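The values are calculated or read from the model by the stated rules, or taken from the named source; none is laboratory data. These numbers were taken from a predicted model, which means no experiment stands behind them. Positions of Cβ are generated from backbone atoms using ideal geometry, with glycine treated the same way; all protein chains shown enter the neighbour counts.
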């Protein structure tokens, strides 16, 4: 047995959460298992989901995916080659593809919470999350604007201490990009930008590039907020008063940080070659370029957590749930990246012990 195969055989599987069951999460999960079984060397995973929902969706899509209910995460690996292992989290009502129901909220939230605890306890290597519908979760007390913020709360709840600053990174082969502010109205962005937030975000990004992505000397480019990065104050002052001073402080710390740069010239091929990750000021400033470059297979990674978490870079897509039109490419990429990051963290931990 080769060293790589031996490592694969003995590391814990990935924990894949159900996400919104009426969305495309069941579709792409079933397709991801079929792909993994055909490849053979793909990372093994188990789902925290409702077995009946998965079986119904497989039947509707005409997919031959046996479902194996498991009682513990340890049962997943030996079952993976023959069936999709599922740690049951029952939905309290029949799921209709494309029609979300608030009664599923408790199950959706419970899957995320349990997956996080399984990683903490060493039974899973990483958390991979299917897309959620935040509006339908509010009835169950979900007070967060998205997965990213909820996972920071769970990190504090499970690992102890204060909640870490969660940093969203979108990843594809051609680009890694981080939005400084995430799920907030655009009108609130200028007031949220601060030297401290920029510095903390860049430091977390640099540390993750070195530890998780194996970039020995990370180079980070920082975008301006305004057109043409403010045009020396003619089009806005945030670059002069906040962004540039934050970058100067980081440079004095020894970090390779450049900017503030005009966002409209940061993402062509020549510009991307000059940095390992870009930090932008707001959500769409980051997501437009990466979804243009890799709409099908971009991956969302949450940096700054004590565990690895990835997800597909798309939403629930209710309009195509259960139709067979959903592509599993982004979920497959998210599973592969979670496996890679978890293995690298494990090696770093062993080397440091």
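Does at least one position in region 152-166 carry a residue that is assigned by TED's automatic domain parsing to the domain that holds residue 86, in contact with a strand residue (DSSP E or B) (Cβ under 7 Å, 6 or more places away or on another chain) and crowded, with 23+ Cβ neighbours inside 10 Å? No: region 152-166 contains no residue that is assigned by TED's automatic domain parsing to the domain that holds residue 86, in contact with a strand residue (DSSP E or B) (Cβ under 7 Å, 6 or more places away or on another chain) and crowded, with 23+ Cβ neighbours inside 10 Å.
Summed over region 213-257, residues that are surrounded by fewer than 15 Cβ atoms within 10 Å (Cβ to Cβ) and in contact with a strand residue (DSSP E or B) (Cβ under 8 Å, 6 or more places away or on another chain) total 3.
One line per residue, one yes/no per condition, for (1) assigned by TED's automatic domain parsing to the domain that holds residue 341; (2) modelled with pLDDT under 95; (3) under 28 Å from the mean Cα position of the chain (by Cα):
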{"position": "202", "(1), (2), (3)": "no, no, yes"}
{"position": "215", "(1), (2), (3)": "no, no, yes"}
{"position": "223", "(1), (2), (3)": "no, no, yes"}
{"position": "226", "(1), (2), (3)": "no, no, yes"}
{"position": "231", "(1), (2), (3)": "no, yes, no"}
{"position": "240", "(1), (2), (3)": "no, no, no"}
{"position": "249", "(1), (2), (3)": "no, no, no"}
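Yes or no, residue by residue, for (1) more than 30 Å from residue 160 (Cβ to Cβ); (2) in a helix (DSSP H, G or I); (3) not assigned by TED's automatic domain parsing to the domain that holds residue 14:
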| site | (1), (2), (3) |
| --- | --- |
| 59 | yes, yes, no |
| 71 | no, no, no |
| 76 | no, yes, no |
| 85 | no, no, no |
| 106 | no, yes, no |
| 111 | no, yes, no |
| 132 | no, no, no |
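Filtering region 290-305 to residues that are over 14 Å from the mean Cα position of the chain (by Cα) and over 23 Å from residue 263 (Cβ atoms) leaves only 296.
Here 305, 341, 335, 331 are screened, and the one residue that is touching a residue at least 60 places away in the same chain (Cβ under 8 Å) and part of a loop (DSSP other than H, G, I, E, B) is 305.
In this structure, does residue 117 turn out to be out of contact with any helix residue (DSSP H, G or I) (no Cβ under 7 Å at 6 or more places or on another chain) and in the same structural domain as residue 33 (by TED's automatic domain parsing)? Considered against the rule, which asks whether it is out of contact with any helix residue (DSSP H, G or I) (no Cβ under 7 Å at 6 or more places or on another chain) and in the same structural domain as residue 33 (by TED's automatic domain parsing), residue 117 comes out as no.
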